[in-house]
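Trainee: Take this structure, written in structure tokens, and hold onto it; I'll ask about it next.
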Amino acid sequence: MSIFIFNWLFLLALFPVAFFWLRRAWRILARRDFSEVALKKGVAPADAERYAPYEMAINLVGGLVLVGLLVSVLGFQALSQEDWVALAGSTLWVKLLASFALSRHAHGLGLGKRASAMTKAAAK
């Protein structure tokens, strides 16, 4: 019985997650708001517009998969419990890891001011 409750809680938690991801994709695509693109420690990269299409695609695909999953589970009951839990979990992890990888790529290696000071000193 307790697994049934956890599955329903997990299913209900997918609604705000899908809404949040689709809202982020909408903000990037329609409003051209790049303030949440490839964030690292809450800071967007200097050239956030360059990475905006990738972040928008990651959020859009993840959100649409979750919406399709919710419709198929609640509307058509087309997926078994194991299938929709596996699909939802895989979607969550892949989206989180893809966004993490994009943010790390957008901000570079993270050598920061110290490395640039060292290269300036070596150039002199």
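Please treat every number below as a calculation from the coordinates, not as lab data. No experiment lies behind these values; they were computed from the predicted model shown. For neighbour counting, all protein chains shown are included, and Cβ atoms are generated from backbone atoms with ideal geometry for every residue, glycine included.
Trainee: Kindly provide the trypsin sites (Lys or Arg not before Pro) of region 1-72 that DSSP labels as loop, not H, G, I, E or B, and whose Cβ sees at most 14 other Cβ atoms within 10 Å. Before the final figure, lay out the partial values.
Mentor: Numbers: sites: 23, 24, 27, 31, 32, 40, 41, 50; in loops: 31, 32, 41.
Loop-located and lightly packed - 31, 32, 41.
Trainee: With springs only between Cα atoms under 10 Å, which of 101, 57, 46 fluctuates most in a Gaussian network model of the chain?
Mentor: Of 101, 57, 46, the Gaussian network model singles out 46 as fluctuating most.
Trainee: Quote the Stokes-Einstein diffusion coefficient, in whole µm² s⁻¹, for region 36-84, based on the Kirkwood radius over alpha carbon pairs, a temperature of 20 °C and a viscosity of 1.002 mPa s.
Mentor: Numbers: Rh = 12.8 Å.
In µm²/s, the coefficient rounds to 167.
Trainee: Continuing with this model, one more query. Given 10 Å bins starting at zero, what is the percent of C-alpha pairs of region 2-123 in each, up to the one with the largest pair distance?
Mentor: The percentages, shortest bin first, are 12, 35, 25, 17, 7, 3, 1.
Trainee: Explain nothing, just compute: Karplus ³J(HN,Hα) = 6.51 cos²θ - 1.76 cosθ + 1.60, θ = phi - 60°, for every residue of region 82-99 in order, whole Hz, x for Gly and Pro.
Mentor: Here the 3J(HN,Hα) series is 5, 5, 6, 5, 5, 5, 5, x, 5, 5, 4, 5, 5, 5, 4, 5, 5, 5 Hz.
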